[in-house]
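Just below is one structure, and these are the notes that go with it.
Coordinate-derived values only; no laboratory data. Since the structure is predicted, the reported quantities are computational estimates derived from the model, not experimental observations. Virtual Cβ from ideal backbone geometry, glycine too; neighbours counted across all protein chains shown.
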């Protein structure tokens, strides 16, 4: 397996309208999101768990420092975008990791987005109440 020396590996991750720019460097396993520690940025434990998933899956959790800038979307979609970016950066570092990451579903970008509201309707799919009489 190839290891990243002091070089940074860059990748972009996306989820809904969130876009994360992620840099991986060899280090002690720190997570820095928008110039804040991950505990400060992601208050929910599930979001912190999501961003660690790719590194845990391949057994590299304490070996890389993650620096990410993320914009757009909400907290959950930002965490998903960071996860997608970390996955892509790991695949750039070592192509052998792709099958393992693909098997758990981290490689594929989640295409689901909020459906737009249509005119003449209450919401994307909900109709206005109908009264026969």
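Going by the conditions given, is residue 71 more than 11 Å from the chain's Cα centre (by Cα) and under 26 Å from residue 25 (Cβ atoms)? For residue 71, the condition - more than 11 Å from the chain's Cα centre (by Cα) and under 26 Å from residue 25 (Cβ atoms) - is met. Just one of (1) free of Cβ contacts under 8 Å to residues at least 40 places away in the same chain; (2) under 13 Å from the mean Cα position of the chain (by Cα) fails for residue 99. It is (2).
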